[in-house]
1. For region 278-305 and region 341-418, what is the separation of their C-alpha centers, rounded to whole Å?
2. Take every Cα pair under 8 Å in region 66-179 that's 6+ residues apart, average their separations, divide by the length, and report that relative contact order as a whole percent.
3. Just to confirm the number: angle between the C-alpha axis of helix 354-363 and the first principal axis of the chain, 0 to 90 degrees, nearest 10?
4. Taking other Cβ within 10 Å of each residue's Cβ, how do 401, 291 sort, fewest first?
5. Could you tell me what % of all Cα pairs in the chain have separations over 28 Å?
6. Mind checking Rg over Rh on region 1-156, alpha carbons, Kirkwood formula for Rh?
7. Using Cα pairs under 8 angstrom and six or more residues apart, how large is the relative contact order of the chain, in percent?
8. Would you calculate, for the chain, the mean residue ellipticity at 222 nm contributed by helices, counting each DSSP H stretch of 4 or more residues as -39,500 (n - 2.57) and dividing by all residues, to the nearest 500?
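We did not get these values from a lab; they are worked out from the coordinates using the rules stated. No experiment lies behind these values; they were computed from the predicted model shown. Virtual Cβ from ideal backbone geometry, glycine too; neighbours counted across all protein chains shown.
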């Protein structure tokens, strides 16, 4: 807690001195909405909408198929990948935009297992985002390997994932920031432990890319995946990305050998010959409409200082935690938030009636999201969230709880997406 109660005026003063405040006008947000769900879907950058309109009207509308060359649509996966590389501590030619996070995870896990033929174990986190576990299980099934090749590390039972890594571990696959709690894993220490045991390291960056500084090369990471629609603001269903350390790129044989990963895709050879470098990890034709939105959004991200972004992220989440404790004590909330040094750009609260409370918040124009069984998640995207937004959001939460505005049938009805 802060030493004196927070007020809206104190937070307004922080906004007045905020070096990132200028970015707010770069995003298209509805008037009066406090958007605290950038950890699920980033807000629309104005530049992305403008870029998409240009593409549809001019490049597709007039250029037609010629635009693959005229506007280099074919090079989008590598160009956008190089932009993401600058945000995650990778070098040119180490990141490519393609497919979804799940598909990329499948591809890189298969490649990693092939590089460690004498080993059988994949170490992952029991509380990881479910698709990561599903993909591992599916991959093992395709390979004819038993499911006991998965070693689930349970944070509640063993504080140190390093204890789960041994000389039978082929690859350690973890999410850098946990999707429920927001806990950051120690990338450097865990990567070093994997390497010391002779294993490879794969990180899922869905909740850290664009939200905080990431240093893949400095930490010696082998592989990474991540999505484009959260903190990178690439739009709903935006293409994902994958990273392969340069020294491994020509040693791997991608399991999905599509024509865009061929060394000469337009030679239309019958036999597959993988391209050199990161490009061999491509499969099919790039989804140009969605990829240009991500590409334009990345230009906005690259203008921001990542260290300044991280400082503001922590300031916003600290203020939220303090205000919930200050204004909503005895209203049934418990925080899952780790200490600031170990916290991503989100805060999760638990509550007995988490789902209807969140639905009532959304109806009152404070948008977060719900995760089963009782978690309310609030994401803090520093480029378009103000400090006073935190005060206003907690004030609305307090009013909803005190008036029991959440306890209406319409807020209890579950939607398909929570």
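1. Here the two parts' Cα centres lie 31 Å apart.
2. Values: 122 pairs, mean separation 29.7, N = 114.
Reported relative contact order: 26 percent.
3. Computed tilt is about 80 degrees.
4. Numbers: 401 20, 291 23.
By the 10 Å Cβ count, ascending, the order reads 401, 291.
5. On the way: 44149 of 87153 pairs.
Every Cα pair in the chain considered, those over 28 Å come to 51 percent.
6. Details: Rg = 22.6 Å, Rh = 20.8 Å.
Computed over Cα atoms, the ratio is 1.09.
7. Details: 788 pairs, mean separation 94.9, N = 418.
After rounding, I find 23 percent.
8. Values: 13 runs with 145 residues, N = 418.
After summing the helix terms and dividing by residue count, I get -10500 deg cm²/dmol.
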